1. Quick check: is even one residue across the stretch 87-97 buried (at least 24 other Cβ atoms within 10 Å of the Cβ), small (Gly, Ala, Ser) and not in a loop (DSSP other than H, G, I, E, B)?
2. Could you tell me whether ALA185 is modelled with pLDDT of 95 or more, out of contact with any Gly (no Cβ under 7 Å at 6 or more places or on another chain) and aliphatic (A, V, I, L, M)?
3. Restricting the search to the stretch 131-160, which residues are among the hydroxyl-bearing types (Ser, Thr, Tyr), under 24 Å from ASP100 (Cα atoms) and touching a strand residue (DSSP E or B) at 6+ places or on another chain (Cβ under 9 Å)?
4. Take the stretch 177-212 and flag every residue that is polar (S, T, N, Q) and under 30 Å from GLN243 (Cβ atoms).
5. Test PHE121 against the stated conditions and say whether it is of a type outside the set (Val, Ile, Thr), crowded, with 18+ Cβ neighbours inside 10 Å, more than 24 Å from MET195 (Cβ to Cβ) and modelled with pLDDT of 95 or more.
6. Where residues in the stretch 98-126 are of a type in the set (S, T, N, Q) and either in contact (Cβ under 8 Å) with a residue 40 or more places away in the chain or assigned to a strand (DSSP E or B) (or both), which of them is nearest to VAL141 (Cα to Cα)?
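The values are calculated or read from the model by the stated rules, or taken from the named source; none is laboratory data. These numbers were taken from a predicted model, which means no experiment stands behind them. Because the Cβ atoms are built from the backbone with ideal geometry, glycine has one as well, and the counts that use them run over all protein chains shown.
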Amino acid sequence: MRFEHRVVLVTGAARGIGRGCAEYFLREGASVLLTDIDADAGRETADALASVAVTPDALRFVHCDVSDRASVQQAVDLAVSSWGRLDVCVANAAVVHGADFLDIEEEDFDRVLDINLKGVFLTGQAAARAMVRCGNGGSIVNMSSINADVALPNQVPYCVAKGGIQQLTKVMALSLAEHGIRANAVGPGSIGTEMLESVISSDPAARKKVLSRTPAGRLGRVEEIAAVTAFLASDEASYVTGQTLYADGGRLALNYTVPVPDDD
């Protein structure tokens, strides 16, 4: 198991990609601290993943608001006090807010940036400081998106934040290299999370629209993003830092739409 005796912190771990990453690291032998602002969902996820952990003590959950420095610090401190070290931090927590550029309110713009960009900064900084104190180096993986490069007109702060994560990741990588800490990002395309599946499963037009821009012809799976995240966090990627690895089914390489067959 690649992450035996390693300690991993995952933000936004109650559902979706965050939950998938937490499960993947647990199956690879890590001790994992799940964090999420939704305490009930986080505890439910921890209970559901308990059987995957290598030991009963290898999995914990703590409530965390990534936009609040004290809350983030509490989570990092708990990981270190529980297992004596911190090796991997996956900064995944994010929200969306749909509104056209002409209509979006300032408070909604600020709220998304606070969670999706400042939250990645606060999480990465607290984790990196702990890694420096522990003296074992480490790996930080920020969850970006193809929307760091392409944009959606009704997802203004989300796209801005993901673009910021790309540059933040580079700055982190350069600043932390001397401490043996690597920083990278994952840029998912359209992934079959519960949220997206709930939209396209009942709307054939929406499904066709999503797949028309995906050369692979299908949605990505949560476990595929988790595998990419684990690769970047692992020793196999020991010479990789400051990069955003896109897992998008070919979408960013596409400059036109592809035909999508109708469902029978």
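1. yes
2. yes
3. SER144, SER145
4. Scanning the stretch 177-212 gives ASN184, SER190, THR193, SER212.
5. Yes.
6. Within the stretch 98-126, the match that is nearest to VAL141 (Cα to Cα) is THR123.
So that you can scan it fast, the table gives a plain yes or no per residue for (1) among the β-branched types (Val, Ile, Thr); (2) out of contact with any helix residue (DSSP H, G or I) (no Cβ under 9 Å at 6 or more places or on another chain); (3) exposed (fewer than 13 other Cβ atoms within 10 Å of the Cβ); (4) outside any loop (DSSP other than H, G, I, E, B):
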{"residue": "MET172", "(1), (2), (3), (4)": "no, no, no, yes"}
{"residue": "ASN184", "(1), (2), (3), (4)": "no, no, no, yes"}
{"residue": "LEU196", "(1), (2), (3), (4)": "no, no, no, yes"}
{"residue": "SER202", "(1), (2), (3), (4)": "no, yes, yes, no"}
{"residue": "LYS209", "(1), (2), (3), (4)": "no, no, no, yes"}
{"residue": "ALA226", "(1), (2), (3), (4)": "no, no, no, yes"}
{"residue": "THR229", "(1), (2), (3), (4)": "yes, no, no, yes"}
{"residue": "GLY242", "(1), (2), (3), (4)": "no, no, no, no"}
